[in-house]
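J.: Quick one: the structure is below, and I'll ask about it shortly.
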Amino acid sequence: MSGSPIPPPNIQETIGPVIPSLRAAAVSLKPSESVLPLLTPILQQRVQMLSFNSSNDPWIRLLCYDTAKVPRLTEIAQGEQLEPHPVSGEVEIDWDYDVETRFKRVDEETLQALVAFKVLELAFRLQYCTGDGDGLGWKVAEVTVTDTPSPFSTFGGVSTISEAERQFQVSKQPKVAPALARAQEEEDDDDDYWARYDATPGAKTPATKKSPAPGSMEPNPWNNSNEDDYFDRYNDVQPAMDNHDPDEETNVEVSPPLGLTSRPADTDKTQKVNGEVEVEENGIQGSWTLAEPPSSSPHSRNGDGPELVHPHPRPASSTGSNASVEKLEAAAARQEQNDFGVKQHVSRSIKSLYMLSRASGIDREEFERLVKTELDMLGLMED
């Protein structure tokens, strides 16, 4: 492409001598020597060589590369519109009103222009040639008829040379694949959607204190080779709906049941030293003992009766039942959390596979067919 700006063509000087010669070219077998310098070097060779080898057809057919348009071009050339004026001897053309020009750069070395005559139904494709002497400047590369309904429907082009140069420079720049761009936009939209929940006030269940998530719950869990370890981590996460935190447990003084009293501290120490744990007959370990009768009892004051102990009946499994219920609730909460994590993981995996498929050119119907085929295969394997 030339470094200096290319001037627009002078339509009247470039095409003006060619139009009157078309009437003679429709009946003559040899090209006019005055017209050949106005043609591009390639078109000159085509006209000279093919007209020399043929002795039956007029050379106007060699000016048009589309053989289907040659009959119409010959008809126009022999029509009344190209008859010269009786006085001036020239074809009457309004060069300001009847002419419309568009430009297009084809490659680094080829700049073309299409000049359409709406009244004459003729179109001249010009090309800017670089060379010495008469070879420099705009030359006629083809003579044809205008397309319908628009004379530039095939050629395209723009109205100025500078705009044609700009569009050519833009077309050389690397383009991002449309599928990848759409996939990236959809992924960004999904991220923005889920980010709104994080910014919503009161979106999390209030609790007095929550155990911090273990350090192993960082993103990118696929670095671990064992997939089971990844899902086992959900067992250590404090459920959002459970306000009870084992880390908050403290030594709380609990009143003993009726008929039982707390064991003295020295007794507990003695049992710990001996490595023995006393188990009462009702199944309660040695934190409580049977309560002594009140000192104000009439039998105790008089010494007349035996010292009787009347503990209130208490189900032996009440403490164990409470512990079992708490364990079941904790296990159910962990299972629910695990199920939610697995479903979330499967959902994101399918979405990632769908985006990858779209980026690779696979449409939605083909993706659904692949997923259905794999599910059917899994059903056969299970059977």
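The values are calculated or read from the model by the stated rules, or taken from the named source; none is laboratory data. Not measured: the values here are computed from a predicted model. Positions of Cβ are backbone-derived with ideal geometry, glycine not excepted, and every protein chain shown enters the neighbour counts. Just the protein is used for accessible areas: all its heavy atoms, side chains included, with ligands, DNA and RNA removed. Shrake-Rupley method; radii C 1.70, N 1.55, O 1.52, S 1.80 Å.
J.: Please give the Cα centre distance for segment 340-372 versus segment 117-151, rounded to the nearest Å.
T.: When both Cα centres are located, 53 Å separates them.
J.: Report P(r) for segment 5-71: all Cα-Cα distances, bin width 5 Å, range 0 to the bin holding the largest distance, values in whole percent.
T.: Spelled out bin by bin, segment 5-71 gives 3, 16, 26, 27, 16, 7, 4, 2, 0 percent.
J.: As a test of the definition: which semi-axes, in Å, follow for segment 128-171 when you take the square root of five times each eigenvalue of its alpha carbon gyration tensor? Largest first, please.
T.: Result for segment 128-171: semi-axes of 23, 19, 7 Å.
J.: Along the charge dipole of segment 30-132, which of ALA77, GLY131, VAL99 sits closest to the positive end, that is, farthest toward it, with unit charges on the beta carbon of Lys, Arg, Asp and Glu (+1, +1, -1, -1)?
T.: Farthest towards the positive end: GLY131.
J.: Based on Cβ point charges of +1 for Lys and Arg and -1 for Asp and Glu, what charge dipole magnitude is obtained for segment 54-160 about its Cα centre, in debye rounded to the nearest 20?
T.: 360
J.: Also: Would you pull out the residues with amide H under 5 Å of LEU126's amide H, same chain only if 5 or more places away, H placed 1.01 Å from N?
T.: ALA113, LEU114, VAL115, ALA141
J.: Quick one: which of LYS172/LYS351; LYS104/LYS139; LYS118/LYS139; LYS30/LYS118; LYS343/LYS372; LYS104/LYS172 span more than 23 angstrom between C-alpha atoms?
T.: Correct reply: LYS172/LYS351; LYS30/LYS118.
J.: If you put +1 on each Lys and Arg Cβ and -1 on each Asp and Glu Cβ, how big is the dipole of segment 26-107 around its Cα centre, in Debye rounded to 20?
T.: Computed charge dipole of segment 26-107: roughly 600 debye.
J.: Now, a different point. Share of Cα-Cα pairs in segment 1-140 beyond 25 Å, in percent?
T.: The calculated P(r) of segment 1-140 puts 28 percent of pairs beyond 25 Å.
J.: What part of the accessible area of segment 1-123, given as a whole %, is carbon or sulfur when the probe is 1.4 angstrom?
T.: Within segment 1-123, the accessible surface is 52 percent carbon and sulfur.
J.: Taking every pair of alpha-carbon atoms in segment 58-173, give the share separated by more than 22 Å as a whole percent.
T.: Across segment 58-173, Cα pairs with separations above 22 Å total 42 percent.
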